[in-house]
2 protein chains.
Amino acid sequence: MNIVISGLGIIGGSYAKAIKKYTDHTVIGINRSERPLKMALECGAIDKIGTKEDLKTADMLILGTFPMAAVEFIEKNGDYINKNCIVTDTCGIKGKICPEMVRLSEKYGFTFVGTHPMAGKETNGFESADADLFVNASCIIVPCKADNTAVTFVSDFVRTIGFTQTPVVTPQVHDRMIAFTSQVPHVMACAYVLSPVCKNHKGFSAGSYRDVSRVAKINAKLWTELFLENKEPLTAELDTLIDNLTQIRNSIANNDDQGLCKQLQMSRQVKEELKE
Amino acid sequence: MNIVISGLGIIGGSYAKAIKKYTDHTVIGINRSERPLKMALECGAIDKIGTKEDLKTADMLILGTFPMAAVEFIEKNGDYINKNCIVTDTCGIKGKICPEMVRLSEKYGFTFVGTHPMAGKETNGFESADADLFVNASCIIVPCKADNTAVTFVSDFVRTIGFTQTPVVTPQVHDRMIAFTSQVPHVMACAYVLSPVCKNHKGFSAGSYRDVSRVAKINAKLWTELFLENKEPLTAELDTLIDNLTQIRNSIANNDDQGLCKQLQMSRQVKEELKE
């Protein structure tokens, strides 16, 4: 296949590296700035630097950019996209993106299948791209209006580059799950390190500080967009979290040892039942 | 030295294993139940199973039990403790324990130096004990009324079994720091997994879920005691956290992209300034 990747940050760059490592496909890179393209070409992550002309012969187009930039890319270059091309995004939210992409796919004739690779690091850019970022990870598939053949095609493809789970869901289910599994931990990490005590933690901390605070080294622009585009599910999950925190806090404040112990036992039980 | 360890759970057991691995001291184990003693003897983590009589010739006594059990052990066996013995606990809170221990040290003539090894796992018991649990970890030293010689002695000792940082603080500073670095992450993890969405997370989660939720597999009895014995600093930190979470939540709910981005940038800056 000819695969065009638009956006060679950590995600697009990792796709490029993984495709070159694990498959025989040709990878063509497109990026706003030149530096990642040169780096990718030099290390063999892409076969060539592309232009919109390459979209005419692309079998697959992977959008590795921020959500709104992904939509804009199609709006600008839709005319060039081969009608047999499978277009997939890598965005962390789907409810806002998918209707736009479906509209554009109908306008330009390509097939859109949403995907969300559940992998990342707390660093950004092509420098952080890793051919093995997706090994054993989950890639959520959001078919929108795509038929089964296209969905199976995308699912099989992502499995060739390391993903081992490919749950298929609607944009709404995706966004509700992601609010909990990914967005809330990022909000928690950010809220946590804003305590005035944080700057003096060294010598007083161990694994639990390190793990909870890790993702506070956040890409503020990207996550502002992701949070706002998932407003309702995210605020609902944050309300649940704040409510649970407040209940535990009140048990402590009221010296309610039995109530507190029961709350903690319930938490332990959740993890045990999940066999984690 | 003759070192008596009372309580061979994950912490006391790891002390025993580390002392046998890295030093030539004799380790004598005392434990309420027999099984950990037999296991420890079998794998060479202790040289013999002890009784209160062994306290008469002990150069050091390490209390590896829950906070209140540590105080009770001294109350029951204080008469047997050699007056030249250095007694140290391993408790996660100090404000409640230290005055009790100082009182007992004055009554029985031994020297007490509080310590808090900043290391652990989300599993318990001697089965989880590990000779290298303390490698590169921090051991907080809380001198209470002990003189510099005793403090240096304890600090040098813990460095022989792997610890590389030994900050010396008052019980109050200890408890305030620990509320933030250790207790809040445990409360957050527990509150987080109580979301009804949690049980369906598989296939939709990655590193941030895994890291934040890890310590929710909590020892409910132990942490109920630790939380309640650190009520004021912990509820103050939880209030700060809930307040910061609510501010981020409100920025999202109000579509305040600039305010939100600024909050996230502040969090990132904290981590960057700490070079984490």
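Quick notes on this one:
- With respect to the stated conditions, B:Ile140 is within 14 Å of chain A (Cβ to nearest Cβ), in a strand (DSSP E or B) and either buried (at least 19 other Cβ atoms within 10 Å of the Cβ) or within 17 Å of the chain's Cα centre (by Cα) (or both).
- Selected residue (only one of B:Ala16, B:Ala69, B:Ala40 is surrounded by fewer than 23 Cβ atoms within 10 Å (Cβ to Cβ), of a type in the set (Gly, Ala, Ser) and not in a loop (DSSP other than H, G, I, E, B)): B:Ala69
- Number of residues in region B:92-118 that are within 19 Å of B:Ala58 (Cβ to Cβ), part of a loop (DSSP other than H, G, I, E, B) and among the hydrophobic types (A, V, I, L, M, F, W, C): the value is 2.
- Filter pass, A:Thr123 being touching a residue at least 12 places away in the same chain (Cβ under 8 Å), among the hydroxyl-bearing types (Ser, Thr, Tyr) and in a loop (DSSP other than H, G, I, E, B): yes
- Options A:Lys275, A:Lys262, A:Lys221, A:Lys202: the member that is assigned to a helix (DSSP H, G or I) and more than 7 Å from chain B (Cβ to nearest Cβ): A:Lys262
- Condition met for B:Thr115 (closer than 25 Å to B:Val168 by Cα and without any contact (Cβ under 8 Å) to a residue 60 or more places away in the chain): yes
- A:Thr166 at the interface with chain B (Cβ under 7 Å from one of its Cβ atoms) and either within 16 Å of B:Gln263 (Cβ to Cβ) or free of Cβ contacts under 8 Å to residues at least 40 places away in the same chain (or both): no
- Qualifying positions in region A:229-238 - facing chain B (nearest Cβ under 7 Å) and either in contact with a Cys (Cβ under 6 Å, 6 or more places away or on another chain) or surrounded by fewer than 21 Cβ atoms within 10 Å (Cβ to Cβ) (or both): A:Lys231, A:Thr235
- Against the criterion of being among the hydrophobic types (A, V, I, L, M, F, W, C) and under 23 Å from A:Asn200 (Cα atoms), B:Leu260 does not qualify.
- The requirement of being over 20 Å from B:Leu104 (Cβ atoms) and aromatic (Phe, Trp, Tyr) is fulfilled nowhere in region B:59-73; no residue meets it.
- Criterion: under 30 Å from A:Pro167 (Cβ atoms) and crowded, with 18+ Cβ neighbours inside 10 Å - qualifying residue of B:Leu241, B:Leu260, B:Leu226: B:Leu260
- For region A:105-121, a residue qualifies if it is surrounded by fewer than 19 Cβ atoms within 10 Å (Cβ to Cβ) and closer than 12 Å to A:Ala70 by Cα, but none of them does.
- Scanning region A:23-32 for residues being buried (at least 16 other Cβ atoms within 10 Å of the Cβ) and either touching a Pro at 6+ places or on another chain (Cβ under 8 Å) or not polar (S, T, N, Q) (or both) gives a total of 5.
- Test: residue in region B:171-185 that is more than 8 Å from chain A (Cβ to nearest Cβ), touching a residue at least 60 places away in the same chain (Cβ under 8 Å) and surrounded by fewer than 19 Cβ atoms within 10 Å (Cβ to Cβ): yes
- Single residue of B:Leu274, B:Leu226 found to be among the hydrophobic types (A, V, I, L, M, F, W, C) and in contact (Cβ under 8 Å) with a residue 12 or more places away in the chain: B:Leu226
- Taking region A:129-148 as the range and being of a type outside the set (A, V, I, L, M, F, W, C) and in contact with a strand residue (DSSP E or B) (Cβ under 9 Å, 6 or more places away or on another chain) as the test, the residues that pass are A:Asn136, A:Ser138, A:Pro143, A:Lys145, A:Asp147.
Per-residue answers, yes or no, for (1) within 15 Å of the chain's Cα centre (by Cα); (2) surrounded by fewer than 19 Cβ atoms within 10 Å (Cβ to Cβ); (3) modelled with pLDDT of 95 or more:
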residue: A:Val102; (1), (2), (3): no, yes, yes
residue: A:Thr123; (1), (2), (3): yes, yes, no
residue: A:Ala129; (1), (2), (3): yes, no, yes
residue: A:Ala146; (1), (2), (3): no, no, yes
residue: A:Ala189; (1), (2), (3): no, no, yes
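- Against the conditions (1) under 21 Å from A:Ala206 (Cα atoms); (2) β-branched (Val, Ile, Thr); (3) surrounded by 17 or more Cβ atoms within 10 Å (Cβ to Cβ), B:Ile97 satisfies every one except (1).
The values are calculated or read from the model by the stated rules, or taken from the named source; none is laboratory data. What you see is a predicted model, and the numbers here were worked out from it, not measured in a lab. We place every Cβ from the backbone using ideal geometry, glycine too, and count neighbours over all the protein chains shown.
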